[in-house]
Amino acid sequence: MCGIVGYTGNRPVLPILIGGLKKLEYRGYDSAGCAIVTGEGRMEVYKATGKVANLEDKTRECNNHGTLGIAHTRWATHGVPSVTNAHPHVSQSGNLAIVHNGIIENYATLCEQLKKRGYTFKSQTDTEVIVQLIEYIMTIRDCDLAAGVLSALKLCIGAYAIAVIDRRNPTRIVAARKSSPLAIGVGEGNGEFFIASDASPIAEYTKKIVYLNDEEVAIIEKGKELQVENIRTGSVDFEIKDIDLDLTMLDKGGFPHFMLKEIFDQPAVLKDCMRGRVIAADGGYRVILSAVEQHKQKLVNASRFTIVSCGTSWHAGLIGKQLIEHFCRIHTEVAYASEYRYNDIVVDPGEIVIAISQSGETADTLAAIEAARERGAMVFGIVNSVGSSIARRADTGTYVHIGQEIGVASTKAFTGQVTVLAMFALALGMERGSVDPAEYNEVLRELTLLPDKIERVLQQNDKIRDMARTFTYARNCLYLGRGWNYPVALEGALKLKEISYIHAEGYPAAEMKHGPIALIDQDMPVIFIAPHDRLYHKIISNMQEVISRKGRIFAIITENDHTIRKICSDVIEIPETPACLSPLLSVVPLQLLSYHVAVAKQLDVDQPRNLAKSVTVE
Ligand code: F6R
């Protein structure tokens, strides 16, 4: 979702802006633009719909060697994707330019007030209102850009990450954030600064980064000390952190798409996720999570858990619920963050809210944890992006440590989140004495074997690619699973929908007979997730129900399952593992299946239409 890049320093700014936008492409967008200012105060603005490459083409005619600039990828909220609506937006006088990520909720009111004062608007965006408002304030108060931004933001209701420049001061950027991420890279040595929506465009230039907090404004000037002010309380101290980003995660490593790379990365990154946490000890295994150790008392005595998350992370939460209830015997609910934040929620004394997020910037999840905190809940974050907003707002938590995920369709984040949830439930279960020590040891041992078992699943990639051809003609698909694998059915369906644009439903297999069975015919592929667990025989009955209605079935089965092979010829095998860990294996063929369907349909796998990687608006 919208990406921001900016720079002030001594280098030519254009390549930094274009290169930075390319690194943010994974977030999802529909148009792009940039504004560049020369030393003499000349400002040029370029915009294009579609890919950053289109913007790059337009800037080829640019002979502006400016060293100050801002750039943006836009994901439309107010107004269609178009050149006019693309950012940067320029103020009426032409002096100021702004890029913005977020939504200004009271933009219509502000717009009316500014129109009465003679301002006209070219775009349909809420963003243009901010830059006109800043200009209006600077004019009537005769103040500089920083003071104008500070005052304007007090009048804006909603979410924003902004960067504003004034062509009359070709060394300064004023940037601010509220509920939308923004980071500042502090150049090493020569007084240069970078800004970006996340660390990826910054990491190749500097390792020093400052993450702004809500309602903070940064005054960023070449050759000067960085200044940060809260819009209400004035000057604030800030912390310069080291960027924790593995740059090899940012390229495709020889794979045609990030999504495929990330699927194949899973064995290695799950080892990273477990490193130093699952350890061999005393002839057995132990799991150590520092957050569980540090907050043992509160966690052990938790009255219940509520998991809040969205999309794929919500599916991981459904498995987390089963893991926590199984190993810890603590009642656990799973809520869509987007619903939870507006529900009349009841937070019990001693309740702990677990927020799961890959990006750590999902607006709904962030708002849900604020709602939980207001009612006194402790918040435990399971977040992948280090230093992200959710990681910082949580009281404590565990990083997933699977490296940056670039493909819009989440893959390795899901298996990482489930792995963390398994470690969490086992660690807490042991502290509570609610887990059987033999099962604890066995599940931990199996966790260490999972990376190799995922490798075995990945070896069936060619077979899955062949199978995918059948799906390219499908208009609807059904994914059915039970127990531990019902959330995997949901996740498989979501993956197919989002990158193949095929309508797919995930359902608890036994629930099919209460409605969806009416859809079954020879044109409806039905995918069963049917490992050899306690519901195995039940799911075979569900398969028979589909077969007798001429449905075409595909199945994910445990290796050496000859029974299902007799009724279904299209099978993918997963190695045997304890039932509670089976989602970590059964999801992998479904990730590959949706990938190959999308490739066969010649779709843009890494940047599917309408989707954004980090959903920073509600
Ligand atoms: C699906 C997908 C989304 C995200 C959801 C939550 O492939 O990527 O459904 O899972 O937007 O995002 P995070 O985990 O960043 O909070």
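Taking the listed residues ALA161, ALA183, ALA147, the one that is surrounded by 15 or more Cβ atoms within 10 Å (Cβ to Cβ), within 16 Å of VAL228 (Cα to Cα) and without any contact (Cβ under 8 Å) to a residue 24 or more places away in the chain is ALA147, with no other qualifying. Give me a count of the residues in region 330-346 that are within 16 Å of the ligand (Cβ to nearest atom), open to solvent by 30 Å² or more (accessible area, probe 1.4 Å) and in contact with a Ser or Thr (Cβ under 6 Å, 6 or more places away or on another chain). Adding up the residues that qualify gives 0.
Set side by side, the residues ILE220, ILE307 differ, and just one is within 16 Å of the ligand (Cβ to nearest atom), outside any helix (DSSP H, G or I) and not small (Gly, Ala, Ser), which is ILE307. When restricted to residues that are buried (at least 24 other Cβ atoms within 10 Å of the Cβ) and within 10 Å of the ligand (Cβ to nearest atom), region 351-385 contains 14. Among the residues that make up region 552-559, is at least one of them modelled with pLDDT of 95 or more, within 16 Å of the ligand (Cβ to nearest atom) and either among the acidic types (Asp, Glu) or over 19 Å from PRO487 (Cβ atoms) (or both)? Checked region 552-559: no residue is modelled with pLDDT of 95 or more, within 16 Å of the ligand (Cβ to nearest atom) and either among the acidic types (Asp, Glu) or over 19 Å from PRO487 (Cβ atoms) (or both). Being assigned to a helix (DSSP H, G or I) and among the charged types (D, E, K, R) is true of LYS298.
Looking at region 313-329 only, could you name the residues that are part of a helix (DSSP H, G or I), out of contact with any helix residue (DSSP H, G or I) (no Cβ under 7 Å at 6 or more places or on another chain) and away from the ligand (no atom under 13 Å from the Cβ)? Result: LYS321, GLU325. Against the list (1) within 15 Å of the ligand (Cβ to nearest atom); (2) hydroxyl-bearing (Ser, Thr, Tyr); (3) at pLDDT 95 or above, the condition THR616 fails is (3). Selection of region 262-279 for residues being in contact with a helix residue (DSSP H, G or I) (Cβ under 8 Å, 6 or more places away or on another chain), within 18 Å of ASN441 (Cβ to Cβ) and outside any helix (DSSP H, G or I) yields ARG277, VAL278.
Quick grid of which residues meet (1) part of a loop (DSSP other than H, G, I, E, B); (2) in contact with an Asp or Glu (Cβ under 7 Å, 6 or more places away or on another chain); (3) not hydrophobic (A, V, I, L, M, F, W, C):
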{"residue": "ALA71", "(1), (2), (3)": "no, no, no"}
{"residue": "HIS78", "(1), (2), (3)": "yes, yes, yes"}
{"residue": "TYR119", "(1), (2), (3)": "yes, no, yes"}
{"residue": "LEU133", "(1), (2), (3)": "no, no, no"}
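Of the residues making up region 20-58, those that are in contact with a helix residue (DSSP H, G or I) (Cβ under 8 Å, 6 or more places away or on another chain) and open to solvent by less than 10 Å² (accessible area, probe 1.4 Å) number 8.
Would you check if there is a residue in region 211-227 being on the phi > 0 side of the Ramachandran plot and open to solvent by 20 Å² or more (accessible area, probe 1.4 Å)? Within region 211-227 (the criterion being on the phi > 0 side of the Ramachandran plot and open to solvent by 20 Å² or more (accessible area, probe 1.4 Å)), the answer is yes, since at least one residue qualifies. Any residue in region 599-608 that is under 19 Å from LEU270 (Cβ atoms), modelled with pLDDT of 95 or more and either open to solvent by 10 Å² or more (accessible area, probe 1.4 Å) or assigned to a helix (DSSP H, G or I) (or both)? No, every residue in region 599-608 fails to be under 19 Å from LEU270 (Cβ atoms), modelled with pLDDT of 95 or more and either open to solvent by 10 Å² or more (accessible area, probe 1.4 Å) or assigned to a helix (DSSP H, G or I) (or both). For region 138-160, the count of residues that are touching a His at 6+ places or on another chain (Cβ under 9 Å), modelled with pLDDT under 95 and within 26 Å of ILE202 (Cβ to Cβ) is nonzero. Answer with yes or no whether LEU270 is within 22 Å of LEU590 (Cα to Cα) and away from the ligand (no atom under 16 Å from the Cβ). For LEU270, the condition - within 22 Å of LEU590 (Cα to Cα) and away from the ligand (no atom under 16 Å from the Cβ) - is met. Taking the conditions exactly as written (within 16 Å of the ligand (Cβ to nearest atom), assigned to a helix (DSSP H, G or I) and in contact (Cβ under 8 Å) with a residue 12 or more places away in the chain), does SER582 satisfy them or not? Spelling it out, it is not the case that SER582 is within 16 Å of the ligand (Cβ to nearest atom), assigned to a helix (DSSP H, G or I) and in contact (Cβ under 8 Å) with a residue 12 or more places away in the chain. The one condition from (1) among the β-branched types (Val, Ile, Thr); (2) within 11 Å of the ligand (Cβ to nearest atom); (3) touching a His at 6+ places or on another chain (Cβ under 7 Å) that THR396 does not meet is (2).
Checking each residue in region 399-426 for being more than 10 Å from the ligand (Cβ to nearest atom), of a type in the set (Gly, Ala, Ser) and more than 23 Å from ILE243 (Cα to Cα) picks out ALA422, ALA425. In the set (1) in contact with a Gly (Cβ under 8 Å, 6 or more places away or on another chain); (2) not polar (S, T, N, Q); (3) not in a loop (DSSP other than H, G, I, E, B), TYR285 fails one condition alone, (1). When region 267-282 is filtered for residues that are out of contact with any Lys or Arg (no Cβ under 9 Å at 6 or more places or on another chain), open to solvent by less than 60 Å² (accessible area, probe 1.4 Å) and free of Cβ contacts under 8 Å to residues at least 24 places away in the same chain, the ones remaining, listed by number, are GLY276, ALA281.
The values are calculated or read from the model by the stated rules, or taken from the named source; none is laboratory data. Predicted model only: the values in this text are computed from it and were never measured. When we count neighbours, we look across all protein chains shown, and the Cβ atoms used for this are built from the backbone with ideal geometry, even at glycine. Only protein heavy atoms, including side chains, enter the accessible area calculation; ligands, DNA and RNA are left aside. Shrake-Rupley method; radii C 1.70, N 1.55, O 1.52, S 1.80 Å.
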